[in-house]
Amino acid sequence: MKFDIKQLTLDNLLAIFEKHGLNIIIALTVYYVGRYGKSYIDKAVNRFLERTHMERSISSFIKSVYSLIYYVILFYIIIDILGIDLSSITTLLGALGIVLGFAFKETLGNFCGGLMILVFKPFKVGHVVEYGKYIGEMVAIELFYTRMKNFQNELVIIPNGIITNNVIRNLSKNKVRRLDLTYGVGYKSDIRQVKKILDEIIAGHPKILKSPEPVARLGEMGDSALNFVVYVYVKNEDYGTVKYDLNEGIKIKFDEHNIEIPFPQMDIYIGKKESDDSGN
């Protein structure tokens with residue numbers, strides 16, 4: 001026997017349980033079996049997606065959509081077992097959908113953003129991306145969010161709508177990346193000696209590419225230092241290693257040759273105010 005959702009009041013909940021207690025137990029059983037069984041279905045879906053050699057970006061999005069559909073179907077099965085009028089539920093959900101559409105427009109924007117990421121492919125799962133202050137590997141593109149793991153091994157969850165409406169840098173799009181560094185030396189330093197040291201360290205590093213040709217030149221004469229710029233090309237995976245190696249190696253060589261690395265200074269002069277003719 002079915003009952004209308006409008007009958008769900010505090011006064012008759014006990015009577016409903018007495019009349020439909022068996023259905024409630026069955027519904028709970030279906031719920032837990034459904035949740036437990038989903039893990040096996042997930043494995044089957046994963047195996048199918050692996051056999052199709054589908055892009056990880058698309059497969060992760062498909063799994064998110066599949067999970068949503070699965071729980072919606074499970075919800076309707078449980079509602080039907082409980083004997084609740086599905087037409088009332090559908091009407092209620094339809095009305096709620098209109099209200100929630102306005103209340104959660106950002107959520108809908110995130111869903112559309114996920115579709116745009118899959119269609120236009122500004123990045124894929126596995127790419128290293130810079131977004132705002134975050135740099136890391138994209139590990140999943142889901143229904144509403146994209147998951148990034150940064151170099152501190154932290155999980156960063158970014159709404160898809162925000163990603164599609166902001167500037168990002170895909171550091172994996174090209175396999176080679178330029179490393180830009182600046183080193184300041186004192187004005188009394190021999191610039192030929194500085195350049196020789198930089199050239200030797202660059203030439204001796206095995207992970208710096210020979211083409212495009214590295215650059216080590218006097219970039220500008222700053223307020224307190226002669227600023228040498230170093231431009232070298234490296235593979236994406238070697239970027240951090242080369243950066244740290246150059247910084248350490250150049251500092252050691254500068255110390256060995258007594259090359260000063262200056263820092264900004266400010267001279268403050270405190271003088272006695274001269275008195276005027278009136279003696280004030």
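No value in this document is a laboratory result; all are computed from the given coordinates. Since we're looking at a predicted model, the values are computed, not measured. Methodologically, a virtual Cβ is constructed for each residue, glycine included, from the backbone with ideal geometry; neighbour enumeration extends over all protein chains shown.
Residues of the range 240-258 with the amide nitrogen closer than 20 Å to a label point 7 Å from the Cα of residue 149, along Cα-to-Cβ, please. Under cut-off, by backbone N: 240-241. Full extension of the chain between residue 203 and residue 38 gives 53.7 nm of extra length, using 0.36 nm per residue less the Cα-Cα distance. Residues 123, 151, 111, ranked from the fewest to the most other C-beta atoms within 10 Å, line up as 151, 111, 123. Given R0 = 51 Å, the distance between the Cβ atoms of residue 120 and residue 258 translates into a calculated FRET efficiency of 0.40. Pairs spanning more than 30 Å between alpha-carbon atoms, out of 43/207; 133/195; 121/251; 38/133; 43/124; 149/251: 43/207; 133/195; 121/251; 38/133; 149/251. Charge tally around residue 44: other residues with Cβ under 12 Å, Lys/Arg +1 each, Asp/Glu -1 each, net +3. FRET efficiency for the residue 52 to residue 31 pair, using the beta carbon distance and R₀ = 51 Å, is estimated at 0.95.
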